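These notes are about the structure you will find just below.
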Amino acid sequence: MSLLSTYLEHIIKVLPDLIVGSMITIEITSFSLFFGMILGTISGLGKLSRKRILRYLSIVYIDFIRGTPLLVQILLFYYGLPGLYSNVTGNPLSIDPIIAGIIVCSINSGAYIAEIVRAGIQSIDRGQMEAARSLGMNESMAMREIILPQAFRRIIPPLGNEFIALLKDSSLLAVIGVHELLKTGQLYISRTFAAFPVYIAVALMYLILTILISRLVAYSERRLGVSDRN
Amino acid sequence: MIEIKDLHKQFGELQVLKGISIDIKESEVVCVIGPSGSGKSTFLRCINLLEMPSSGEIFIDDEKITDRKININKIREEAGMVFQHFNLFPHKTTIQNVALAPIKVRKLSKAEAEKRAHDLLKKVGLEDKANVYPSALSGGQKQRVAIARALAMHPKLMLFDEPTSALDPEMVGEVLGVMKDLAQAGMTMVVVTHEMGFAREVADRVLFMDDGLIVEQGTPHDIFSNAKHERTRSFLSKVL
Ligand SMILES: Nc1ncnc2c1ncn2[C@@H]1O[C@H](COP(=O)(O)OP(=O)(O)OP(=O)(O)O)[C@@H](O)[C@H]1O
Ligand SMILES: [Mg+2]
């Protein structure tokens, strides 16, 4: 009984920290998803491009990111690149961990979103492009007006999954000292050694966040879905 | 107005069009019939360059559209196309489907384009459906919107690729009716169709295609009642 109340006490004490950490987690995840969508749209289109060079660049980017662990990418970017910079220039370089986190997560999610975007575009019936072209629209206009808006509706569910995956993966940023949700919990543990209740609390916080996101995705799916039944 | 000289098209090894030559006059209605796989769609799609001819020449109003330097998008503005499966834009309302290309391509103001779109929808009998999405339309209604959408660009000619083949029988009439009106108004039309009744009644000329070639052509009477070629006769005996 006293064990339970000790645990509860720790949870209550750590909760304000965890909420602050959650804010950072949400901030990093949202920014990364936003930039990831831009990168993903560009490289998803690039992979479908008729220009060979664009296709190859996109494939190299997508395959490299998807073929290597995010943890390695984080370490490479946060420690590796500044190391290279100071080896070459002789000057030190330090990057803000949050900024570094957003950059790495953006680049990482961009590669996954690229595949989502590519699949979304390819799922649109060929007749749509033909109809648009037969009305005199050029290719980029047809993409913008006809293909992408339809593809976007279809990619909301997988994009939601990517959002959730990214939110969970952002916990890896704890290793470079970003004070996100996991790290705030760990800092509390290092002061109090209350590993069990705090990690449980951290896990529950992630669970709450991911449930909120799936609700949000389901909602926007419903909002956007109404006009689009063929 | 359309002049086609020795048109060839191949997909890889497959020869689909093997030398098609034909002149089509302004306001003429040409119906193309023939067995599946004979190259009818490919022929039609070459006229607005949805397929690039492998060789041969196509002129529209004396402009050589098979010229490498030509602006393909300009050509496509002049040739409206209606597809078997309508290909309406599902994320746009009926009126937006019709007004979109005039706004984006012809740079009309939204008000002007929508006013014209309204007139066109009225012409195809769908003014009351202006603000619904395609998903709420029947097949026949979809196809009539698709015709209005193509007409909104004020094309010089209209290409129809089996416009009624995907429709339930009771909806075929309403679409053919719109096409008949269009023909009577003097539109130049090339229609790939299995509707022999329509071809007989509306066409100025009927082409029978088989195996990538025009086997025989003539007035509906020539083709349907007096076909000279055995292949034409045997095809017609199967479909009539
Ligand atoms: N993009 C393409 N790539 C490869 N082959 C093609 C392509 N388009 C058409 N073909 C082939 O060309 C041939 C003629 O096709 P086409 O669609 O022109 O025939 P069709 O006369 O319209 O037939 P249907 O009455 O069935 O519509 C067919 O064998 C078809 O498989
Ligand atoms: Mg066909």
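Summary table
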| item | result |
| --- | --- |
| Residue in the range B:2-9 that is near ligand 1 (Cβ under 7 Å from one of its atoms), crowded, with 16+ Cβ neighbours inside 10 Å and modelled with pLDDT of 95 or more present | no |
| The range B:161-193, residues that are within 16 Å of ligand 2 (Cβ to nearest atom) and in contact with a Cys (Cβ under 9 Å, 6 or more places away or on another chain) | B:Val190, B:Val191, B:Val192, B:Thr193 |
| A:Ser170 of a type in the set (S, T, N, Q) and surrounded by fewer than 18 Cβ atoms within 10 Å (Cβ to Cβ) | no |
| Residues within the range B:161-170 that are within 12 Å of ligand 1 (Cβ to nearest atom) and surrounded by fewer than 21 Cβ atoms within 10 Å (Cβ to Cβ), tallied | 3 |
| Residues (among the small types (Gly, Ala, Ser) and under 24 Å from B:Lys142 (Cβ atoms)) located in the range A:104-163 | A:Gly120, A:Ser123, A:Gly127, A:Ala131, A:Ala132, A:Ser134, A:Gly136, A:Ala142, A:Ala151 |
| Conditions (1) within 14 Å of chain B (Cβ to nearest Cβ); (2) in contact with a helix residue (DSSP H, G or I) (Cβ under 6 Å, 6 or more places away or on another chain): number failed by A:Gly101 | (1) |
| Conditions (1) modelled with pLDDT under 95; (2) surrounded by 18 or more Cβ atoms within 10 Å (Cβ to Cβ); (3) more than 16 Å from ligand 1 (Cβ to nearest atom); (4) not aromatic (Phe, Trp, Tyr); number of the one not met by B:Asp67 | (2) |
| Meets criteria (away from ligand 1 (no atom under 16 Å from the Cβ), in a loop (DSSP other than H, G, I, E, B) and within 14 Å of chain A (Cβ to nearest Cβ)) for B:Met158 | no |
| Single residue of B:Glu174, B:Glu195, B:Glu230 found to be within 16 Å of ligand 1 (Cβ to nearest atom) and of a type outside the set (Val, Ile, Thr) | B:Glu195 |
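Listed here are the residues, each with its yes/no results for (1) within 16 Å of ligand 2 (Cβ to nearest atom); (2) more than 9 Å from chain A (Cβ to nearest Cβ); (3) touching a helix residue (DSSP H, G or I) at 6+ places or on another chain (Cβ under 8 Å).
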{"site": "B:Gly37", "(1), (2), (3)": "yes, yes, no"}
{"site": "B:Pro53", "(1), (2), (3)": "no, yes, yes"}
{"site": "B:Asn71", "(1), (2), (3)": "no, yes, no"}
{"site": "B:Ile75", "(1), (2), (3)": "no, no, no"}
{"site": "B:His85", "(1), (2), (3)": "yes, no, yes"}
{"site": "B:Thr94", "(1), (2), (3)": "no, yes, yes"}
{"site": "B:Ala101", "(1), (2), (3)": "no, no, yes"}
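The values are calculated or read from the model by the stated rules, or taken from the named source; none is laboratory data. These figures come from a predicted structure and were not determined experimentally. For neighbour counting, all protein chains shown are included, and Cβ atoms are generated from backbone atoms with ideal geometry for every residue, glycine included.
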